[in-house]
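Heads up: the structure comes next, in structure tokens.
The values are calculated or read from the model by the stated rules, or taken from the named source; none is laboratory data. This one's a predicted model, so the numbers in the text were calculated from it and none came from an experiment. As a convention, Cβ positions derive from the backbone with ideal geometry for all residues, glycine included, and neighbour counts pool all protein chains shown.
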Amino acid sequence: MEVKEGIIAILNEIKPTKNLADINNIVEGGFIDSFELMFLITSISEKFNISIGVDDITPENFNSVDGITKMVIDHLK
């Protein structure tokens, strides 16, 4: 499974009624709350076997699928 597809699958699990794949302000726009963000971080860490640190939790990294994908790919390098 491709990284981007995996992230979209996790977001669909968090918000099955919203298509977050095309949204560019997922966190800042309030589309997910703090508990859902923590679930997202945990799920990404487990799925891709990476460690997401406090410094990684920024709007740039979590406001869009592309931002999350880039962060994950950077951690996989």
| query | Which of the residues belonging to the stretch 30-58 are touching a residue at least 12 places away in the same chain (Cβ under 8 Å) and not aliphatic (A, V, I, L, M)? | reply | 31, 36, 39, 43, 47, 48, 51, 56
| note | The one condition residue 17 fails out of (1) of a type in the set (Ser, Thr, Tyr); (2) surrounded by fewer than 16 Cβ atoms within 10 Å (Cβ to Cβ); (3) modelled with pLDDT of 95 or more is (3)
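Please work out which residue is surrounded by the fewest Cβ atoms within 10 Å (Cβ to Cβ), limiting yourself to the stretch 59-77 and to residues that are assigned to a loop (DSSP other than H, G, I, E, B) and at pLDDT 95 or above. Don't jump to the end; show me each part of the working.
As a first pass, look at the stretch 59-77 and keep what is assigned to a loop (DSSP other than H, G, I, E, B): 63-64, 77.
Narrowing further to those that are at pLDDT 95 or above: 63-64.
Numbers: 63: 18, 64: 20.
Looking at residues that are assigned to a loop (DSSP other than H, G, I, E, B) and at pLDDT 95 or above, I get 63.
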| field | Subset of the stretch 20-49 [surrounded by 15 or more Cβ atoms within 10 Å (Cβ to Cβ) and either β-branched (Val, Ile, Thr) or in contact with an Asp or Glu (Cβ under 6 Å, 6 or more places away or on another chain) (or both)] | value | 23, 26, 27, 32, 41, 44
| residue 45: touching a Ser or Thr at 6+ places or on another chain (Cβ under 9 Å), of a type in the set (S, T, N, Q) and modelled with pLDDT of 95 or more, yes or no? | yes
